[in-house]
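Working notes, structure below.
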Amino acid sequence: MSLTGVGDPEQIQGGGVTANLFPMLGVEPAYGHTFTPEEDQPNAERVVLLSEGFWKRRFGSDPNAVGQAVSLNGQNATVIGIMPEGFGILPPDAQSPRNIDVWLPIAIDFSAAPRGNHGLRVIGRLKQGVTQEEAHAEMSAIGRQMDSEFYASRGFGINAVPMLAHVVRTIKPTLVVLLIIVGLVLLIACANVANLLMARAVAREKEIAVRTALGAGRIRIIRQLLTESVMLSFVSGALGLLLAWLGLKGLIALAPQNVPRLEEVSVDLRVLLFTLVASLFTGIAFGVVPALQASRTDLNESLKEGGRGSTKGAHSLIRNTLVVSEVALALVVLISAGLMIKSFLRLQQVSPGFKPENVLTARLALPPTRYPDNPQVIALYQQVLDRVRNLPGVESVGSVSHLPLSGAYTSGTVTVENPPIDSPPASFEADRRAISPDYFNSMKIALVRGRPFDEGDKADGPGVAIIDETFARRFWPDEDPLGKRMRLGGNQSTFPWLTIVGVTANVKHYGLDSQGRETVYLPYTQAAPIARSMFLTVRTARDPQSLAGALRREVWAVNPDQPISSIRPMEELVYGSVAQPRFSMLLLGSFAAVALILAAVGVYGVMNYSVTQRTHEIGIRMALGAQTLDVVRLVVGQGLLLAGIGVTIGAGLAFALMRLMSTLLYGVTAADPGTFVGVSLMLAGIAVVASFIPARKATRIDPMAAVRRI
């Protein structure tokens, strides 16, 4: 909507609702009141509710804004209330709830509304005791009845879904995968700590033996060691909480803007309680095994051997098991990150069907009160295009009703005249775009055959259309579609026939990972109803952002009250279209790096401890003639064996779990052999390096000193 009369003209996002919506949701305004049934009538006085964010930004949080008049699309409206902070409902383009600036009564007489208009979303609250399944079954039955009664059994239906599921549907798979990965990294870290605690317990065998000799019971020893483990876990949890608090703003800044309720993410009481419980659980769960092992110290053997107890075999088995677990879990995390990185790289290589470099975009929406007639709409755009075209540094300028990757689109039924016998049904749903003659040139969209629109395609001239390759392949895969005819609407449509004069390359409109559907391009002079809102596309010879100010001035020179919004480079839209996979890749990559480091530390710790415990054995081997290479092979071989077992187990786990990621991937399968093999070899190589350092230490053992200590 166009807001005027309060500072500079501005394009804002409006939402139309029925008067009973807010009471049904249980939402009360912060100031004023919500809509009454009388205000939600077609001829009622125009009223408006302001969102809390818009009220702060435009009215400076002034409570006296209630009762003021604003001009929306050239019509006066009275502000009757301010909505509470954080309230929002997803608008039709499924973007962030924060996009809604003002709420208005929808003011529709539903008894007279056409049944072909399906532009509304319906929200309902279930009665007490009614399940989601029962509601869905009842709504489905109503849909089938309506389909038979009003739509000639063409497949009209109603699908009732929980509102929460609808809101989080695009981000939920990503969050589930990330939650699993976080859990795996936590397990790896805990296994590492358990290994270190076991090594520390072995080093404290003499101390524990002395405590036992002085009368300390086994329960007391276990309690002491568990207390130390839990305290260590609590301190680590507190440090992690501090790091989370410090890094939260940066994480939110990296997150894609269409994540629902992103602004509500904070380190609150729930996070504190979760951290407390998680710290307590991990401290006990991964401290109990080292504590039990340490409490079984053989008093006589420990004191006699100077602290080298008799449970080294059991300790070694547990430590090796923990290392194998670490490697297996690390492999799952690394494969997840590898698949996401490979998918993102494939996505980056996808051509959007146009060249976004050096293109500046901006949106104009013409209010019907100021431009009630189609000739006025056409005249304004012609004046704006002519003025912008003459700006220094502008190579070409075009306009389109729905910009690729902007989240906006219009679609409708189209009908092909005399389609081939073996083709799909003649009437089907297709996207519609109104464009100016230079749009393809400004966006560098390839014209495969035929001609672009020109100045001769006037409002009163013969109807023409350009289709994309997907449309052409649907009906004429083996013949030339030029000269064929189609029209908007179904079989009974009274719209004039349009002659196809050109075929363009496909454009990625909904996302780089989406195929999209058939598209029809219409001259904006012949499609003024969908051309009231248009995006300018300005190709420049320099930084496009430097022309933003000049673009505003040229628009305001034609009409000083005309808002111009969404001024941004086209590259920004392309960058934003892959924000979610980029965010997932960065997080998974970070977790994978942590998992890799922890796994390497785990292998190193076990092998280093093993070398220390086997000093006498290695010394004897060297005294009996073992060479340096033999010792290195012995130690590295043990580390590689543990890593190999872990990789084998981890590959099986990854193969079973990666199916959860299939919806997040593009151009790569969840069982991609290259990723599995490459990550496995990398992890095995890291294990070799982590084992080689203790192996080098083992080669420096003095055989005579080791033998003398026996």
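The values are calculated or read from the model by the stated rules, or taken from the named source; none is laboratory data. The structure displayed is predicted, hence computed values, not measured ones. When we count neighbours, we look across all protein chains shown, and the Cβ atoms used for this are built from the backbone with ideal geometry, even at glycine. Accessible surface areas use protein heavy atoms only, side chains included; no ligands, DNA or RNA. Shrake-Rupley method; radii C 1.70, N 1.55, O 1.52, S 1.80 Å.
Could you tell me what percent of the DSSP beta bridges with both partners in the chain are antiparallel, to the nearest 5?
Just about 70 percent of them are antiparallel.
Once the whole set of protein chains is in place, how much accessible area is left on ASP386, using a 1.4 Å probe, in Å² to the nearest 10?
The value for ASP386 is about 80 Å².
How far apart, in nanometres, would the label points at ASP147 and LEU482 be if each is projected 7 angstrom from Cα along the Cα-to-Cβ direction?
About 4.2 nm, to one decimal.
Please tell me which of these pairs span more than 32 angstrom C-alpha to C-alpha: LYS355/LYS458; LYS172/LYS444; LYS56/LYS342; LYS484/LYS508?
LYS172/LYS444; LYS56/LYS342
Kindly rank 673-684, 136-147 from highest to lowest mean number of other beta carbons found within 10 Å of each residue.
The densest-packed peptide leads the list: 673-684, 136-147.
If r is the Cβ-Cβ distance from ASP630 to ALA505 and R0 is 41 Å, what FRET efficiency results, to the nearest 0.05?
According to the calculation, E is roughly 0.05.
Solvent-accessible area of TYR666, probe 1.4 Å, all protein chains present, reported in Å² to the nearest ten, please.
60
So, taking all protein chains as they sit and a 1.4 Å probe, how much accessible area belongs to ILE219, in Å² rounded to tens?
Counting only protein heavy atoms, the figure is 120 Å².
Please report the carbon-and-sulfur percent of the accessible area for the range 141-209; probe 1.4 Å, protein heavy atoms only, DNA, RNA and ligands left out. Before the final figure, lay out each step's value.
Values: 2560 of 3760 Å².
Roughly 68 percent, rounded to a whole number.
What list of ³J(HN,Hα) couplings, whole Hz, do you get for the range 274-285 from phi and the Karplus terms 6.51, -1.76, 1.60, once you set θ to phi - 60° and write x for glycine and proline?
Ordered by residue, 3J(HN,Hα) equals 4, 4, 4, 5, 5, 5, 4, 5, 5, x, 7, 4 Hz.
I'd like to check one number: the per residue accessible area of the range 590-690, probe 1.4 Å, reported in Å² as a whole number.
Each residue of the range 590-690 exposes 48 Å² on average to a 1.4 Å probe.
In nm, to one decimal, how far is the modelled label at LEU239 from the one at GLU264, with both set 7 Å along Cα→Cβ?
3.3
Once the Cβ-Cβ distance between ILE530 and GLU207 is put in as r, and R0 is 56 Å, what FRET efficiency do you end up with, to the nearest 0.05?
Approximately 0.10, to the nearest 0.05.
Subtract the Cα-Cα distance of LEU273 and ASP8 from 0.36 nm times their separation in residues, and report this length gain in nm to one decimal.
This chain segment gains 90.6 nm when fully extended.
Go through 524-531, 623-630 and give me the packing order, highest mean Cβ count within 10 Å leading.
Going from most to least packed, we get 524-531, 623-630.
Please give the contour-minus-distance gain from VAL182 to THR36: 0.36 nm per residue of separation, less the Cα-Cα distance, rounded to one decimal in nm.
Additional length available on full extension: 47.7 nm.
Straight-line reach from LYS206: which lysines have a Cα under 28 Å away, not including same-chain ones fewer than 8 places off?
Candidates past the 8-residue exclusion: LYS304, LYS312, LYS697.
Calculated from DSSP H runs of 4 or more alone, at -39500 (n - 2.57) each and per residue, what is the 222 nm mean residue ellipticity of the chain, nearest 500?
On the way: 21 runs with 337 residues, N = 710.
Helix contribution divided over all residues of the chain: -15500 deg cm²/dmol.
Multiply the residue gap between LEU292 and GLN492 by 0.36 nm, knock off their C-alpha separation, and tell me the result in nm, one decimal place.
63.8 nm
Given a 1.4 angstrom probe, I'd like the percentage of the accessible area of the range 375-449 that is carbon and sulfur, rounded to a whole number. Please list the in-between numbers first.
Details: 1440 of 3030 Å².
Roughly 47 percent, rounded to a whole number.
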